[in-house]
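Comments concern the structure below.
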Amino acid sequence: MNNMEQARFNMIEQQIRPWDVSDAQVLSLLSAVKREQFVPAGRQSLAFMDMEIPLGFDAYMWQPKLEARVLHELKVQNSERVLEVGTGSGYLTALLSRLAAQVTSVEIVAELSAQAAHNLAAHGFDNIQLEVGDAANSWGSAQYDVIVLTGSVPVQPAAFQQQLNIGGRLFAIVGDAPAMHAKVITRLASDVFENVTLFETNVAPLQNATQPQRFVF
């Protein structure tokens, strides 16, 4: 096992499995989709570390264990359509595309979307539609089986809940720093939603997300 593969193995065994990720398909995917190929130039040494990696433009790659836990919790099926808000480096996009039928990923920063497009095309990911635009509050009129918000939002994103198919799942990190809560929201019926809070975390906010009314002195 070379140094890169040893680092990947250590990441899975020491960071990801201990964070309640046991789904065999997800663990296999983390070995197959090479994270270092999506890390910004000059930062490959950080690819398997338990940290966020700066992408520029106030955007970051999530910690590896967060990416893995989200996939574990969402249980994406190979017949499902996924919406990702915040493409970033394209790594989570790539992981989602290996599980789903089709992924639409929207990025507000054109330069990040272009770099993600380069990363994805270079490694044969072809069931992904990349879009540039502001999807902080919704995106188009299509319905999805899975929606992933890669930036935090201060209030629960009701508009995205309405874009879920029945049985669809939305992953969102809700709240203000430092006390944000990762949630999976499942649409059980037209107007019935189940909320499950998974863990506390702290990630960069989604640009232009709906803000709550705040008391001003």
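General observations
- Residue in region 121-131 that is closer than 22 Å to M180 by Cβ and in contact (Cβ under 8 Å) with a residue 12 or more places away in the chain present: no
- Condition check for Q15: over 20 Å from F125 (Cβ atoms) and either open to solvent by 30 Å² or more (accessible area, probe 1.4 Å) or among the aliphatic types (A, V, I, L, M) (or both): yes
- Scanning region 179-197 for residues that are open to solvent by 70 Å² or more (accessible area, probe 1.4 Å) and closer than 21 Å to A68 by Cα turns up N195, T197.
- Identity of the residue in region 73-114, among the hydroxyl-bearing types (S, T, Y) and surrounded by 18 or more Cβ atoms within 10 Å (Cβ to Cβ), that ends up farthest from the chain's Cα centre (by Cα): S113
- Residues being open to solvent by 20 Å² or more (accessible area, probe 1.4 Å) and either part of a loop (DSSP other than H, G, I, E, B) or among the aliphatic types (A, V, I, L, M) (or both) - total across region 49-67: 9
- Count - residues of region 147-187 that are closer than 16 Å to V76 by Cα and touching an Asp or Glu at 6+ places or on another chain (Cβ under 6 Å): 5
The values are calculated or read from the model by the stated rules, or taken from the named source; none is laboratory data. The shown structure was predicted, so the numbers you read here are calculated from the model rather than taken from an experiment. Because the Cβ atoms are built from the backbone with ideal geometry, glycine has one as well, and the counts that use them run over all protein chains shown. Each accessible area value is taken on the protein alone, full model and side chains, heavy atoms only, with ligands, DNA and RNA left out. Shrake-Rupley method; radii C 1.70, N 1.55, O 1.52, S 1.80 Å.
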